[in-house]
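Encoded as structure tokens, the structure appears first; notes follow it.
Every read-out reported here was derived from the displayed coordinates using simple, explicitly stated rules and does not represent laboratory data. Small disclaimer: the values here were computed from a predicted structure and weren't measured. As a convention, Cβ positions derive from the backbone with ideal geometry for all residues, glycine included, and neighbour counts pool all protein chains shown.
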Amino acid sequence: MEPVIELRKVSKKFILPHLREYTLKNSILNFGKSRSYEKYDALKEISFAVNRGEFIGIIGKNGSAKSLLLKIIAGIYKPTKGEVLVKEKLLAFLELGLGSSAELSGRDNIYLYGAVLGLRKSEIKRKFGEIVAFSELEKFIDQKLKNYSSGMQVRLAFAVAIQVDAPVLLIDEVLAVGDAGFQAKCAEIFKGFKEKGKTVIYVSHNLESIERWCDRTMLLHEGNLLAFGNTPEVIQEYVNRIL
Amino acid sequence: MKKNTWFLIRELAWTDFKLRYNNSILGYIWSLLVPLMIFGVLYLVFSVFMRFEGIEHYQLYLLLGLILWSYFYEATNNGMQSMHYKASLISKMNFPKWVIIVASNMTSLFTLCLNLFVFAVFFMLSSATAKVTGWMVFFYLLQLIILSFAVSLFLASFYLRFRDLSHIWSIVLQVGFWLIPIVYPVSIIPDHLRPVFFLNPLARIIQDTRSVLIYGSSPPLRHTIISFVMIVFILIPGIVIFFIRSGKFAEEV
């Protein structure tokens, strides 16, 4: 099978200067002085390939560079070394409701968030009724977002997010919130992704949901790819070796 | 360019505009208070206390100068810091970064349009008459918009790396305000220094806009060519540097 996402020896180094040089003044004052800094290897030579239609999980402790890996795949961060190949249109959900504004109404936020997710105005107009119905916020749609409960905010953002039709999706724990009803809706959506043959990379701490959905899973630890394969085995390894 | 880029720019710009004026017309009227007070004070000082000789329609001259200047001021300041304002968006979404600058400048452009409407009201209340050369104003506004965009690109490229750039830029702007004939007439600049003052493309643009709108004289084509050449000389390196630097923005915000 042809890989849709391929990483070849991808490394990411961050330079942590001991002296913060975020001003021109400091740069001039310290010009020519030797600067002390630490290098931090956040990702170390990661290589893997994901095939079309696979549902891939990523697990690991906090700080194991799971989100960083998603950002690298999404092209938000550039790798220090190595190559990232993504062959189809990709959309990353690193935060639900990204760019939305508390001072604007739910209606305005649907358009704003839709624009951020790459939807066109005509598409949002056409699907507006559907979005509102899915979020169950008909009565509140002209209220400001700041008057919504956090659950309502998530429902609204989620209703917009599922309108996006990209063949490759990166999902970072955005679905960890919400009550049982919301979780059931998420399950429906995930089922839909599988049926449509979308390629999904899903980061979560919820091992149950990883086990339920992921065809293969990778285990990250301190920037290394410890394991990548059969989901139950990788989860077992995570539980035994790291937790 | 992705099909929805223009829609995204409009949404970002319109959102900021609504937020700035608190989602109401009254919000805009409040925000007019400060510029109108500055206008009033400058008018009082330079028209009643000290009088400039031989300047027709001084109140229109001053108001138009202030409006165009404040567009440049606002567009470059907000454009410079726009990456910082939109930090979460930049660090969690992969999209062309120039979109943020264009949206930020567009927000300032909405304000400019409202301010020009206020100018039109003052114009009609004054003894000045509409001039046939007035249509050319669009041409000079276009120059102003491109110039502000080019400077914004430069500033935004370095602001995330050098956060004190905003202080430096505010000093440059304060000096710039008095190096451009905004409150004073061109005639008080000594003859031999005038070409030096007009090396500044912003001074050129402001003066030419006044010529066509208030005084009905069309500036020589030479001016326009010089302005355009200078703007292009700022714009091209601005674009190049912005594209080189923008790859790192997500990590720097």
Original post:
Can you list, bin by bin at 10 Å, the percent of alpha carbon pairs in the protein assembly as shown, starting at 0?
Top reply: 3, 16, 23, 21, 17, 11, 6, 2, 0
**OP:** Mind checking region A:57-146 for GluC sites (Glu not before Pro) that DSSP puts in a loop (not H, G, I, E or B) and that have at most 16 other Cβ atoms within 10 Å?
**Re:** A:GLU88, A:GLU103, A:GLU136
Original post:
Where Lys and Arg each count +1 and Asp and Glu each count -1, what net charge lies around B:PHE197 among other residues with Cβ under 12 Å from its Cβ?
Top reply: +1
**OP:** Just subtract the alpha-carbon distance of B:GLU53 and B:VAL196 from 0.36 nm times their residue separation and send over the number in nm, one decimal.
**Re:** 49.2 nm
**OP:** Mind ranking B:241-253, B:151-163 by how tightly packed they are, going by the mean number of other C-beta atoms within 10 angstrom, highest first?
**Re:** B:151-163, B:241-253
Original post:
Cα axis of helix B:58-85 to longest principal axis of chain B: angle in degrees, 0 to 90, nearest 10?
Top reply: 10
**OP:** Over 31 Å between C-alpha atoms is what I'm after, so list which of A:LYS87/B:LYS248; A:LYS139/A:LYS198; A:LYS12/A:LYS87; A:LYS25/B:LYS248; A:LYS44/B:LYS92; A:LYS44/A:LYS196 land there.
**Re:** A:LYS139/A:LYS198; A:LYS44/A:LYS196
**OP:** Provide the net charge surrounding A:ASP172, with neighbours chosen by a C-beta distance below 14 Å and charges set as Lys +1, Arg +1, Asp -1, Glu -1.
**Re:** +1
Original post:
Once you list every other residue whose beta carbon is under 14 Å from the beta carbon of A:SER149, what net charge do they have if Lys and Arg are +1 and Asp and Glu are -1?
Top reply: +2
**OP:** Calculate the spin-label point distance for A:LYS194 paired with B:ILE225, positioning each point 7 Å from the Cα along the beta-carbon direction, and give it in nanometres.
**Re:** 7.1
**OP:** Using only Cα atoms, locate the centre of region A:80-144 and the centre of region A:30-74, then give the distance between them in Å, rounded to an integer.
**Re:** 27
**OP:** Scan region A:144-243 for GluC sites (Glu not before Pro) in coil per DSSP, keeping those whose Cβ has at most 13 other Cβ atoms within 10 Å, and list them by number.
**Re:** none
Subject >> Relative contact order computed over chain A (Cα-Cα under 8 Å; 6+ residues apart), in percent >> reply: 27
**OP:** In nm, give the distance between the simple-model label positions of A:ASN51 and A:LEU85, each being 7 Å from the Cα along the Cα-to-Cβ direction.
**Re:** 1.6
**OP:** Note the full-extension length gain between B:TYR43 and B:PHE122 as 0.36 nm times their separation in residues minus their Cα-Cα distance, in nm to one decimal.
**Re:** 27.1 nm
